[in-house]
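Everything on this sheet refers to the single structure shown next.
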Amino acid sequence: MEKTLSERLLACKHFRWMPGMGVENKDGEPHRILIVAPPPLGVLMYIRGRGMTAVGRGEFPDLTDPATLGCLLALVRQAHNDPTIHTVLAITLWNDMTHWHVISGRKDRGLATEDTEAEALVAALEAAP
């Protein structure tokens with residue numbers, strides 16, 4: 001069975017939850033990571049309506065959330081030790097296709113190319129040494 005993009009991200013050795021990340025919305029309430037406690041607690045909290053709950057197994061980052069994408073970009077930069085890494089949307093005019101590229105300004109090369117920004121960031125995080 002093929003892993004979903006969220007499952008791939010959680011399996012990545014460079015992934016960690018960060019304050020500000022969105023959590024996939026399962027019940028119509030806004031969910032956002034507020035606290036990442038240091039080990040051994042490792043408790044992650046998010047807003048559920050007006051309360052807070054620990055993030056459990058089977059919960060995934062919201063890869064449509066702009067803040068989550070910003071956190072993923074920060075993780076990619078840290079994993080590659082390159083603050084010049086950025087994302088670029090490229091549109092191919094002759095076939096009207098779009099692709100997202102994760103590019104290093106320092107090394108002048110692409111790290112990943114995918115159909116969505118989230119897919120490109122996850123691929124670049126997986127490719128980090």
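No lab work stands behind these numbers, since they all come straight from the coordinates. These numbers come from a predicted model, not from an experiment.
Would you kindly state how much longer the chain becomes between Ile91 and Leu34 on full extension, computed as 0.36 nm times their sequence separation minus their alpha carbon distance, in nm to one decimal? Numbers along the way, then the final one.
On the way: separation 57, 0.36 × 57 = 20.52 nm, distance 3.60 nm.
Once the chain is fully extended between Ile91 and Leu34, it gains 16.9 nm.
What is the helix-to-structure angle for 66-80, meaning the angle in degrees between its Cα long axis and the longest Cα principal axis of the chain, kept from 0 to 90 and rounded to the nearest 10?
Once rounded, one gets 70 degrees.
At 25 °C and 0.890 mPa s, grab the translational diffusion coefficient of the chain from Stokes-Einstein with a Kirkwood Rh over Cα pairs, rounded to a whole number in µm² per second. Before the final figure, lay out each step's value.
Values: Rh = 15.6 Å.
Here the translational diffusion coefficient equals 157 µm²/s.
In degrees between 0 and 90, to the nearest 10, how far off the longest principal axis of the chain does helix 117-126 point, with axes built from Cα atoms?
Taking Cα atoms only, the helix is inclined about 90 degrees.
Helix-only estimate, please: 222 nm mean residue ellipticity of the chain, summing -39500 (n - 2.57) across DSSP H runs of length 4 or more and dividing by its residues, to the nearest 500.
After summing the helix terms and dividing by the residues of the chain, the value is -7500 deg cm²/dmol.
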